[in-house]
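Below you'll find the structure, written out as structure tokens, and then a few comments.
The values are calculated or read from the model by the stated rules, or taken from the named source; none is laboratory data. Values in this document were obtained by computation on a predicted structure and should not be read as measured data. As a convention, Cβ positions derive from the backbone with ideal geometry for all residues, glycine included, and neighbour counts pool all protein chains shown.
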Amino acid sequence: MANSYDIIILGGGPGGYVAAIRAAQLGMKAAVVEREHLGGICLNWGCIPTKALLRSAEIFDHMTHAESFGLSAKSLSFDMEKIVKRSRGVSGQLNGGVGFLLKKNKVDVIWGEATITKPGEVKVSKPKKAAFEPQHPVPKGTLGEGTYTASNIIVATGARPRSLPGIEPDGDLIWSYFEAMVPKSMPKSLVVMGSGAIGIEFASFYKTMGAEVTVVELMPQVMPVEDHEIAKHAQKRFEKQGMNILLEAKVTKVEKGKADITAHVETKDGKLQAIKAEKLISAVGVVGNVEGLGLEAAGVEIDRGIIKVDQYGRTSVKGIFAIGDVAGAPMLAHKAEHEGVICVEAIAGQHPHVMDKAKIPGCTYCNPQVASVGMNEKSANEAGREVKIGRFNFAGNGKAIALGEPEGMVKTIFDAKTGELLGAHMVGAEVTELIQGFVVAMNLETTEQDLIDAVFPHPTLSEMMHESVMDSQGRVIHA
């Protein structure tokens, strides 16, 4: 039947479209239901466009230090409208690429909003207009409203910004990441509420472009999930750039003026201060899109906004699966993609590997970049592991010095008894490209000695990874 499929996936984000393509590769008839834009939040309003913005900021920052490279760059300026236009163009190009990949793999795109009416059945209604940009043109021949059936339904509807009562984004003075990504003009000052990946990336972008930035973080360290030494190094760099960071503090109230806000901040010791700024960015996390899908009526178990699943994405109802942000932390695009493949292969009767969430890397593209995988020093100690730690500073690396990037650190954590690599943590230039070396090493159960025996190319930043490992044995050469 025309409206009958082996798999219907709700959501065309990273997890959804990758799952659909893998299903097609395995010979299954697959469809994706999408209400707003292929590629999801990551491609359209998250991972990709923010990196385009941050790249503009990075180049602008390099230009301000041109003289240190023997170059001359005078009368520097920027056009925020063009910066945003480039960012949106990058997203638009990749959005079209996802559509091409789905078509190439003969995956149907059903345009609309989906509701699971019962296991094996999905009703699609007319989509509501996108909240933050004109609806992408619906591809010719795209399916739409109607009732569709499938032996298997995968929920991959992603997440949206979390908002705090009384400090909800209004699209004008209080921004979520949507508005922060497409500013009509450059604010002279702003308060960023939250120093996770989203908050600190925007704080870094706007500070580099000249805004006065104050970051308010509830936890005792900036970037709370990172290793304490890495976070401390990053904080020093942020503050050296002129960023104001308030730790163990919370925004209790926001007063709106005609063209600015006043954020009332309370610190751990009970002290209060009022911070006036043109804008406030709310970056206090995200929440999964589980409402209005018919999940509860179908009997799917949900716990605090997260769909409960097993290691293969199975929910409490046979034939209904969930992947990505709605299936729990870490809420990362690469985790969603991997879950999509595992889920589909399990549906196909294969025996896919089980993803180890402890080995999923995290990357933050602020200046300086931060990247990590596995246990940090605190979590390793809390787990009762006897550890050996290696460290190496960028200042001892020839490539880093040649790049004009002598500040940063690589930190490795090993089990003292077995030599197992438990975690790796980095801060500095291009560390988001380096971390995958340690990810592969951990997945291959590489030991400390294996890494020492490996030959790293010279001159590269990756040599610091080698030196950090050698430092854990007291064998570091260039420090």
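Listed values, structure above:
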item: Which numbered condition Gly437 fails, given (1) closer than 17 Å to Lys359 by Cα; (2) in a loop (DSSP other than H, G, I, E, B); result: (2)
item: Given (1) surrounded by 14 or more Cβ atoms within 10 Å (Cβ to Cβ); (2) within 30 Å of Ala150 (Cα to Cα), index of the condition Gly27 fails; result: (1)
item: Wholly enclosed helices (runs of 4 or more DSSP H) of the stretch 155-246 bearing at least 3 residues touching a residue at least 24 places away in the same chain (Cβ under 8 Å), on the phi < 0 side of the Ramachandran plot and surrounded by fewer than 22 Cβ atoms within 10 Å (Cβ to Cβ); result: 228-240
item: The stretch 274-290, residues that are modelled with pLDDT of 95 or more and surrounded by fewer than 17 Cβ atoms within 10 Å (Cβ to Cβ); result: Ala274, Lys276
item: Selection status of Arg160, among the basic types (Lys, Arg) and modelled with pLDDT of 95 or more; result: no
item: Pairs, first farther than 26 Å from Met426 by Cβ in the stretch 349-362, second at pLDDT 95 or above and of a type in the set (Gly, Ala, Ser), C-beta under 7 Å, six or more apart; result: Pro352/Ala346
item: Any hit, the stretch 450-460, residues being outside any loop (DSSP other than H, G, I, E, B) and either in contact with a Ser or Thr (Cβ under 6 Å, 6 or more places away or on another chain) or at pLDDT below 95 (or both); result: no
item: Matching residues, the stretch 294-304, being surrounded by 15 or more Cβ atoms within 10 Å (Cβ to Cβ) and in a loop (DSSP other than H, G, I, E, B); result: Gly294, Val300
item: Residue list for the stretch 387-420, restricted to those being under 17 Å from Ile230 (Cβ atoms), touching a strand residue (DSSP E or B) at 6+ places or on another chain (Cβ under 6 Å) and of a type outside the set (Lys, Arg); result: Val387, Ile389, Gly390, Phe392, Asn393, Gly408, Met409, Val410, Thr412, Ile413, Phe414
item: Residues (among the β-branched types (Val, Ile, Thr) and buried (at least 18 other Cβ atoms within 10 Å of the Cβ)) located in the stretch 390-416; result: Val410, Thr412, Ile413
item: Inter-residue pairs, beta-carbon under 9 Å, first farther than 26 Å from Gly423 by Cα and in the stretch 391-405, second at pLDDT below 95 and not in a helix (DSSP H, G or I), 6+ apart; result: Gly404/His65
item: Counted residues, the stretch 72-126 - those being within 21 Å of Ile347 (Cβ to Cβ) and either polar (S, T, N, Q) or without any contact (Cβ under 8 Å) to a residue 12 or more places away in the chain (or both); result: 2
item: Residue pairs meeting the criteria (Cβ under 8 Å; at least 6 apart or on separate chains; first farther than 21 Å from Val387 by Cβ, in the stretch 450-479; second assigned to a loop (DSSP other than H, G, I, E, B) and of a type in the set (A, V, I, L, M)); result: Leu461/Ala429
item: Residue match in the stretch 309-332 (condition: in a strand (DSSP E or B), out of contact with any His (no Cβ under 7 Å at 6 or more places or on another chain) and modelled with pLDDT under 95); result: no
item: Selection from the stretch 201-230 of residues that are within 30 Å of Met63 (Cα to Cα) and β-branched (Val, Ile, Thr); result: Thr208, Val213, Thr214, Val215, Val216, Val222, Ile230
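Conditions (1) in contact with a helix residue (DSSP H, G or I) (Cβ under 7 Å, 6 or more places away or on another chain); (2) modelled with pLDDT of 95 or more, marked per residue:
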{"residue": "Val18", "(1), (2)": "yes, yes"}
{"residue": "Ala24", "(1), (2)": "no, yes"}
{"residue": "Leu38", "(1), (2)": "yes, no"}
{"residue": "Arg55", "(1), (2)": "no, yes"}
{"residue": "Asn105", "(1), (2)": "yes, yes"}
